[in-house]
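A.B. asks: So that we are looking at the same thing, I have put the structure below in structure tokens.
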Amino acid sequence: MVVISYKTIKDFIDRFSDSKDPLNNWYTIIEKGDFGNFNELRVVFNSVDAVGNDRYVFNIKGNKYRLIALILFRVRTVYILFVGTHAEYDKINASKIKFKK
């Protein structure tokens with residue numbers, strides 16, 4: 001998969017250093033993966049949730065953090081839209097968050 005905007009992860013790691021290994025592991029698995037649909041994604045990430053609008057929420061570091069990605073399976077592209085704490089996640093609408101260029 002092509003992953004767009006590692007910078008979002010890097011910026012979060014700068015704020016929460018304990019997220020470095022879990023986020024980098026997620027990134028490596030996604031980048032090396034070839035997921036054709038949500039079911040294939042769920043085989044590897046069993047706690048991922050589809051929240052609508054091609055957005056998917058991943059639990060990071062034992063559900064301490066959340067990552068929202070826009071995944072376009074047909075073109076094998078993942079846009080990292082959000083990485084945050086649970087408190088930050090609770091303040092947004094995961095299905096409507098937009099990609100920031």
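A.B. asks: How much net charge surrounds PHE58 when only the other residues with a Cβ under 9 Å from the Cβ of PHE58 are counted, with Lys and Arg +1 and Asp and Glu -1?
C.D. replies: Cβ neighbours under 9 Å give a net charge of 0.
A.B. asks: Moving on. Run the numbers for SER17 and THR77: contour at 0.36 nm per residue of separation, minus the present Cα-Cα distance, in nm.
C.D. replies: 19.0 nm
A.B. asks: Treating the beta-carbon of each Lys and Arg as +1 and of each Asp and Glu as -1, no other charges, what is the dipole magnitude of the chain about its Cα centre, to the nearest 20 debye?
C.D. replies: 300 debye
A.B. asks: So, for segment 17-101, what is the accessible surface per residue at a probe of 1.4 Å, expressed in square angstrom?
C.D. replies: 57 Å²
A.B. asks: Another one. Check the chain and count each lysine pair with an alpha-carbon distance under 13 angstrom, considering only pairs eight or more places apart or from different chains.
C.D. replies: Here the count comes out as 6.
A.B. asks: By per-residue mean of other Cβ atoms within 10 Å, what is the highest-first order of 24-33, 51-60?
C.D. replies: Ranked from most to least packed, the peptides come out as 51-60, 24-33.
A.B. asks: Quick check: at a probe of 1.4 Å, how many percent of the accessible area of the chain sits on carbon and sulfur atoms?
C.D. replies: About 49 percent, which is the carbon plus sulfur part of the accessible surface.
A.B. asks: Suppose we take every Cα in the chain and form the convex hull; what volume per residue is that in Å³?
C.D. replies: 91 Å³
A.B. asks: With Kirkwood's inverse mean 1/r over C-alpha pairs for Rh, give me the Rg to Rh ratio of segment 50-101, two decimals please.
C.D. replies: Rg/Rh: 0.96.
The values are calculated or read from the model by the stated rules, or taken from the named source; none is laboratory data. Just so you know, these numbers come straight off a predicted model, no measurement behind them. Here Cβ is always computed from backbone atoms with ideal geometry, including for glycine, and neighbour counts include all displayed protein chains. SASA here: full protein model, heavy atoms, side chains in, ligands and nucleic acids out. Shrake-Rupley method; radii C 1.70, N 1.55, O 1.52, S 1.80 Å.
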